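Working notes, structure below.
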Amino acid sequence: DVMKEVFDIRQMEIELQQKLDLAEVHIVPGNSDEFSWVKKEMGRTCIALMKKKLFAKGNTIAVTGGTTIAAVAEMMIPDVDLKEALFVPARGGLGEQVENQANTICATMARKAMGSYRLLHVPDQLSKDAYESLINEPSVKQILELIRSANVVIHGIGEAQTMAERRNSSQEVLEKLENANATAEAFGYYFDQSGDIIHKVLTIGLQLEDLKGIPHIIAVAGGASKANAIKAYMKYGTNQVLVTDEGAAKAILKKT
Ligand code: BG6
């Protein structure tokens, strides 16, 4: 019955919040590994939550890439509070296909919200030298400042190997990740099951340490297949806000 289902979900939110030491947890019914509408529901929940966190004026919202945040963008609708918001991509190229890139998702989200956006044009493979000269480029510097001044960050969490393969990472990187038991990925950083960083993609934009200065960070990730990844990443970033689904929640709480 519906009431029992709602009650069970509320109960799981409390358990998950305690287990992962989170500030807030929101669980939508279903498992996004099985049904794509579940991702859209997470998107809808994320947007409602985000709106509650906005300043009266002058919001800068940074977003990552991925199919989950793409679903957030898809569910976006125009809103008076978002009309003056500026959307920016969290980080530069991470090796994703166009539809999964932060730039693409940022532009879609801004367009749907009727807000504005700025993009970050950086190649995926950056050498140390190219990186050093890019971050000193005035136009890049300017957008980097905007990104770091974001008051809201919306990001996905991925399963490490899935992400490394999706990004066509080199054999060397794949081996490094395997040897270090990579479990989770977020913002181009890879984590082991204790939440320690074991590898990072070299690109400009938000670095993990920048997150400390950002008031609202919302992670959106679901599906039973991401249970370990969510658990691992949240060991790194405790006291966060998580939007997830029943599939991931049950697997993390071992209720399946
Ligand atoms: C990427 C983000 O684009 O999407 C990653 O930069 C995240 O940090 C990933 O792990 C998640 O992808 P998806 O498709 O599972 O939502």
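The values are calculated or read from the model by the stated rules, or taken from the named source; none is laboratory data. It should be emphasised that the depicted structure is a prediction, and the values quoted were computed from it without experimental measurement. All Cβ positions, glycine included, derive from the backbone under ideal geometry; neighbour counts span all protein chains shown. Surface areas here come from the heavy atoms of the whole protein model, side chains and all, with no ligands, DNA or RNA. Shrake-Rupley method; radii C 1.70, N 1.55, O 1.52, S 1.80 Å.
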Take GLN161 and tell me if it is in contact with a Lys or Arg (Cβ under 8 Å, 6 or more places away or on another chain), open to solvent by 100 Å² or more (accessible area, probe 1.4 Å) and on the phi < 0 side of the Ramachandran plot. no
Pairing a residue in region 64-76 that is within 12 Å of GLU41 (Cα to Cα) and near the ligand (Cβ under 6 Å from one of its atoms) with any residue that is open to solvent by 20 Å² or more (accessible area, probe 1.4 Å) and not in a loop (DSSP other than H, G, I, E, B), where Cβ atoms lie under 8 Å and the two sit 6 or more apart in sequence or on different chains, gives THR68/LYS39
Which ones in region 99-134 are exposed (fewer than 13 other Cβ atoms within 10 Å of the Cβ) and not charged (D, E, K, R)? HIS121, PRO123, GLN125, SER127, SER133
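So which residues in region 212-247 are small (Gly, Ala, Ser) and closer than 12 Å to ALA23 by Cα?
ALA219, GLY237
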Out of the residues in region 87-101 that are assigned to a helix (DSSP H, G or I) and closer than 23 Å to GLU41 by Cβ, which is nearest to the ligand (Cβ to nearest atom)? ASN100
Residues of region 159-178 satisfying the condition of being within 13 Å of the ligand (Cβ to nearest atom) and of a type in the set (Lys, Arg): ARG166, ARG167
Looking across region 230-256 at residues that are farther than 14 Å from ASP33 by Cα and small (Gly, Ala, Ser), the single one that is farthest from the chain's Cα centre (by Cα) is ALA232
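So if I check each of THR244, THR238, THR203, which one is out of contact with any strand residue (DSSP E or B) (no Cβ under 6 Å at 6 or more places or on another chain) and among the β-branched types (Val, Ile, Thr)?
Within the list THR244, THR238, THR203, the selection yields THR238.
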If we only count helices (runs of 4 or more DSSP H) wholly inside region 160-239, which ones have 2 or more residues that are out of contact with any Ser or Thr (no Cβ under 6 Å at 6 or more places or on another chain) and within 22 Å of TYR131 (Cβ to Cβ)? 160-166, 171-179
Checked region 164-173 for anything within 20 Å of ASN100 (Cα to Cα) and either surrounded by fewer than 17 Cβ atoms within 10 Å (Cβ to Cβ) or not polar (S, T, N, Q) (or both); matches are ALA164, GLU165, ARG166, ARG167, ASN168, SER170
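Being within 16 Å of the ligand (Cβ to nearest atom) and part of a helix (DSSP H, G or I) is the requirement here; does MET109 meet it?
On the way: within 16 Å of the ligand (Cβ to nearest atom): yes; part of a helix (DSSP H, G or I): yes.
Taking the combined requirement at face value, the residue satisfies it.
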Matching option when the condition is closer than 21 Å to LEU211 by Cβ, surrounded by 19 or more Cβ atoms within 10 Å (Cβ to Cβ) and of a type outside the set (Ser, Thr, Tyr), among LEU16, LEU49: LEU16
Of residues in region 191-248 being over 18 Å from MET42 (Cα atoms) and of a type in the set (Asp, Glu), the one surrounded by the fewest Cβ atoms within 10 Å (Cβ to Cβ): GLU209
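Taking the condition out of contact with any Phe, Trp or Tyr (no Cβ under 8 Å at 6 or more places or on another chain) and surrounded by 20 or more Cβ atoms within 10 Å (Cβ to Cβ), does ALA186 pass? First the steps, then the outcome.
Details: out of contact with any Phe, Trp or Tyr (no Cβ under 8 Å at 6 or more places or on another chain): no; surrounded by 20 or more Cβ atoms within 10 Å (Cβ to Cβ): yes.
No.
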Any idea which of (1) away from the ligand (no atom under 16 Å from the Cβ); (2) assigned to a helix (DSSP H, G or I); (3) free of Cβ contacts under 8 Å to residues at least 40 places away in the same chain is the one GLU84 doesn't satisfy? (2)
